[in-house]
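**Student:** Would you mind keeping the following structure in view while I ask a few things?
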Amino acid sequence: MKVGVMGAGSIGGYFGGMLSQAGHDVTLIARGDNLAAIRRDGLRVETTAGPFTARCHATDAPADVGPVDLVLLSTKTYHNVNAVPAMSPLIGPDTAVLSLQNGIDSYLPVIEQFPAAVVLPGAAYIEANRLAPGVVQQAGRVVRIATGPIRSSPPAHAQRARQICADFRAAGVQADAEDDIAVTLWTKFLFISTMAGVTSLAREFLAELLIRPEWRKVVMSCLREIETTAQASGINLAPDVVESTFNYMDQSKGAMRASMHADLTAGRPLELEALNGAVVRAGQAANSPTPINDLIYAALKPHAAGAP
C-alpha cells in the first residue's frame, strides 16, 4: 500500500513508521528540521515494545509523491486551511483519506475539497510525543485507531475502512472499523473537549481542579452539556457516558495533560475551533444551549492564534 502522511509529528510519525516497518511504501510530508532529520537518519520511533528506525521517504512537496492509496491526515486542525488543499497531488481516483484529527467535524473540509475520495473520519487513542526532529515516542499501554464511513457514505466505504484496519492490525496497531463512527467521535470528543476547555479556562491541570468541589461541578456540567448537544444532534451515546468519563478523569487525573492547555501556556495556536468551538456550532445547529462552552470559547478565542 502506498501511503502519504500529511503531518509527520508524533501521531503521524508513529502510525506512518509502523506501516513503513510492516513493508508499506510510506512518504512523510514534513518541514524544516524535522524533514532534514528524517531524510538524513530515517524516522526514529521509540515504542513500549522497543525502538526502531523507519526508512520512510520524506518531502515537503506532495507533488513529488503523486497519488497514493491512503492519506493519513494528522496535522493540527488549525492547519487544515493550508494542509487540505496541499494534499491535492496525493489524491487519485482510488485514494482513501483517514483523518486522525481531534474533533467531530474536522474531516468536513476534506469532503468539501475532495468529494470523490473515500473520506474516513477516525479517532486515534495514543500517548505520543515528538522528542526531537526525526524522533517520535509512543508511551502507555493503549494504542488504537477507530474509523468508519460517515452515515451517508456508500457501502464500499465501509469495506475500505475494514481493509485499512486490517492493514494496521497486520502492522501491529489495533484498529477497528466501527458501524457508527459518529458515536465513537463524540464519545472521545466529550472527554477531550471538557478536559482541554476547562483546564485551559482555569489555567490549571485536572489534578488541581478535581480536588475542589466547585470545579468538579463545572467539569461534570460541561460533560453533560456536550452529551445533551450530541443527543440533540442525533448521536446516541452510551447511557453512562458522562459518569464513566468523569470516573476515568477522577481516577487518572494525576497523569492527564491537555495539549490545548500546554499550547496555551506556551503561546502556541489552539485547536479551539475543533474542540469547544465545535460544541458551540453543534449546539447552534441543533438548537441546544451550550452556556459553559460558550464561556470557554469566548474566554479562549483571543488566544486561539497563539502569542504574537
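**Student:** Using R₀ = 30 Å, calculate the FRET efficiency as 1/(1 + (r/R₀)^6) where r is the Cβ-Cβ separation of ASP41 and LYS2; round to 0.05.
**Tutor:** Between ASP41 and LYS2 the formula returns 0.85.
**Student:** Show which aspartates and glutamates lie in cross-link reach of LYS217 when reach means a straight Cα distance below 15 angstrom and same-chain residues fewer than eight apart are skipped.
**Tutor:** GLU208, GLU225, GLU243, ASP250
**Student:** Further question: Going highest first, how would you order 278-291, 61-74, 98-111 by mean Cβ packing within 10 Å?
**Tutor:** 98-111, 61-74, 278-291
**Student:** Describe numerically, in nm with one decimal, the distance between label points set 7 Å from Cα along Cα→Cβ at LEU295 and at THR48.
**Tutor:** 3.7
**Student:** Near ILE104, within a Cβ-to-Cβ distance under 15 Å, what is the net charge of the other residues, with Lys and Arg +1 and Asp and Glu -1?
**Tutor:** Result for the neighbourhood of ILE104: -4.
**Student:** Further question: Using only Cα atoms and rounding to the nearest 10 degrees, what angle (0 to 90) does helix 155-170 make with the longest principal axis of the chain?
**Tutor:** It works out to around 80 degrees.
**Student:** If you don't mind, another one. Put a dot 7 Å past each Cα toward the Cβ at MET220 and SER152; how far apart are the dots in nm?
**Tutor:** Distance between the two pseudo-spin positions: 3.9 nm.
**Student:** Net charge near TRP186, counting Lys/Arg +1 and Asp/Glu -1 over other residues with Cβ under 15 Å of its Cβ?
**Tutor:** -3
**Student:** Here's another thing I want to ask about it. Given that just one value was derived from the coordinates, which of [x] 17.6, 50; [y] 19.0, 56; [z] 21.0, 85 is Rg and Dmax of the Cα atoms in Å?
**Tutor:** This structure yields the entry labelled [y].
**Student:** Expected output is a single nm value to one decimal: the length gained when fully extending between TYR248 and ALA166, i.e. 0.36 nm times separation in residues minus the C-alpha distance. What is it?
**Tutor:** 26.6 nm
**Student:** Sticking with this one: What is the diffusion coefficient of segment 182-303 in µm²/s, taking the Kirkwood radius over Cα pairs and the Stokes-Einstein relation at 20 °C with a viscosity of 1.002 mPa s?
**Tutor:** Diffusion coefficient, whole number: 150 µm²/s.
**Student:** In addition: Quick one: go through segment 240-278 and flag any residue whose amide nitrogen is under 16 Å from the point 7 Å out along the Cα-to-Cβ line of ARG203.
**Tutor:** Only 261-268 pass the distance filter.
**Student:** Stretched out fully, how many nm does the piece from SER233 to ASP180 gain, at 0.36 nm a residue minus the Cα gap?
**Tutor:** The span from SER233 to ASP180 would gain 17.7 nm if fully extended.
**Student:** Compare ALA54, ALA207, ALA96 in a GNM of the chain, Cα atoms joined below 10 Å, and give the one with the largest fluctuation.
**Tutor:** Residue with maximal mean-square fluctuation among ALA54, ALA207, ALA96: ALA207.
**Student:** Please give every one of the aspartates and glutamates within straight-line cross-link reach of LYS2, meaning a C-alpha to C-alpha distance under 14 Å, and leave out same-chain neighbours fewer than 8 residues apart.
**Tutor:** ASP25, ASP64, ASP69, ASP94, ASP167
**Student:** To the nearest 0.05, what FRET efficiency results for THR265 and ASP64 with a Förster distance of 41 Å applied to their C-beta separation?
**Tutor:** Rounded to the nearest 0.05, the efficiency is 0.65.
**Student:** Hey, what angle do you get for helix 213-232 against the long axis of the chain, alpha-carbon based, 0 to 90 degrees rounded to 10?
**Tutor:** 60
**Student:** What whole number of Å gives the distance from the Cα centroid of segment 14-59 to the Cα centroid of segment 134-172?
**Tutor:** Between the Cα centre of segment 134-172 and that of segment 14-59, the gap is 18 Å.
**Student:** Excluding residues on the same chain fewer than 8 positions from LYS76, give the aspartates and glutamates whose Cα lies under 17 Å from its Cα.
**Tutor:** Cα-Cα hits under 17 Å: ASP60, ASP105, GLU127, ASP263, GLU271, GLU273.
**Student:** Which FRET efficiency value, to the nearest 0.05, is calculated for ALA307 and ALA255 with the Förster distance at 22 angstrom and r the Cβ-Cβ distance?
**Tutor:** 0.20
**Student:** What is the gain in length, in nm to one decimal, between ARG212 and ALA286 on full extension, counting 0.36 nm per residue of separation less the C-alpha to C-alpha distance?
**Tutor:** Roughly 23.4 nm would be gained on extension.
**Student:** Count the DSSP beta bridges whose two residues both fall in the chain, then state the antiparallel fraction as a percent rounded to the nearest 5.
**Tutor:** Percentage antiparallel, nearest 5: 30.
**Student:** How far is helix 10-21 tilted, in degrees, relative to the longest principal axis of the Cα atoms in the chain, given as a value from 0 to 90 rounded to the nearest 10?
**Tutor:** Taking Cα atoms only, the helix is inclined about 30 degrees.
**Student:** Within the set of other residues whose C-beta is less than 12 Å from the C-beta of ASN276, count the net charge using Lys and Arg as +1 and Asp and Glu as -1.
**Tutor:** Result for the neighbourhood of ASN276: -2.
Readers should treat all values here as calculations from the given coordinates under stated rules, not as data from a laboratory. Predicted model, so just to flag it, every value in this text is computed and none were measured. Cβ: placed from backbone, ideal geometry, glycine included. Neighbour counts: every protein chain shown.
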